[in-house]
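Comments concern the structure below.
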Amino acid sequence: MIAIQSTTERAFAGHLEPPRLELGRPMLIAGLRGYYSAADCGAIPDQWQRLEFYGNIPGAVGRAHYGLCFHEPHGIEYLSGVEVSGFAGVLGELSHASVPAQKYAVFPHREHVSKLCDTLDVIMNEWLPASGLEVAPAKSGAPDFFERYGEDFDPRTGHGDVEVWIPVKS
């Protein structure tokens, strides 16, 4: 873990908790994928509910869930899923993606999950320009960024362990 300079921490106190910089490990994620324009991003929770109906995804590793975001010309492609040990059992409507090992700025999100877009807006439009860091371009087939929902996230209340992982250039 690498500490962020204190001037950056002070500049965003009250708006955003300071991130930690972390070398993320490679992961394989399997789940449901959907395309959303800015007007219909509110339907993403329905995608998460559909994922629950699948029960255990073959080869699931751990209990965290992930929301992978892929920028598209007029919206995002969003994969809601879990880490898996391999893609062999991923069939039917399920999709998959690889998350590469790389450096990330990891931001805790303490608000209700419905406020995640506000956190992303502050990260991209305020914190990142002032940080001296640059977003690393997505590698082929990899997400532009992702959300991690830890074991303490409660989907019924929308609160708990949520982080936003933004790939940054080394």
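Read-outs: derived from the displayed coordinates by stated rules, not from any lab. Predicted, not measured: the structure shown is a model, and the values here were computed from it. In this analysis, Cβ positions are derived from the backbone assuming ideal geometry, glycine residues included, and neighbour counts consider all displayed protein chains.
Things to note:
- Most fluctuating residue given options TYR104, TYR54, TYR149, as computed from a GNM of the chain linking Cα atoms under 10 Å: TYR54
- Environment charge at LYS103 (Cβ cut-off 13 Å; Lys +1, Arg +1, Asp -1, Glu -1): +2
- Taking a straight Cα-Cα cut-off under 16 Å and skipping sequence neighbours fewer than 8 places away in the same chain, the aspartates and glutamates within cross-link reach of LYS139 are GLU72, GLU77.
- Burial ordering of LYS169, LYS115, fewest other beta-carbon atoms within 10 Å first: LYS169, LYS115
- Label point at ASP161 placed 7 Å out along Cα→Cβ; residues across the range 39-76 whose backbone nitrogen lies under 13 Å: 62-66
- Positive-end extreme of charge dipole, the chain - chosen from ALA142, LEU51, PHE153 (charges on Cβ): ALA142
- Karplus (6.51, -1.76, 1.60) ³J(HN,Hα), θ = phi - 60°, over the range 87-102, in Hz, Gly and Pro reported as x: 9, 4, x, 7, 10, x, 6, 6, 10, 8, 7, 9, 10, x, 6, 6
- Sorted ascending by nearby beta carbons within 10 Å, beginning with the fewest, ARG25, ARG33, ARG20 become ARG25, ARG20, ARG33.
- Here's how it looks for VAL61: its modeled amide H is under 5 Å from those of GLU83, VAL84, SER85, which are all 5 or more places away or on a different chain.
- Candidate aspartates and glutamates - alpha carbon under 18 Å from LYS115, same-chain residues fewer than 8 apart omitted: GLU17, ASP40, ASP46, GLU126, GLU147, ASP152, ASP154, ASP161, GLU163
- Taking the C-alpha atoms only, the angle from helix 44-53 to the longest principal axis of the chain is near 40 degrees.
- Charged side chains reduced to their Cβ positions (Lys and Arg at +1, Asp and Glu at -1) give the range 6-167 a dipole of some 360 debye around its Cα centre.
- If you sort the three axes of the alpha carbon gyration tensor as a ≥ b ≥ c, you get a/c of 1.5 or more for the range 81-161 and a/b no higher than b/c, which makes it oblate.
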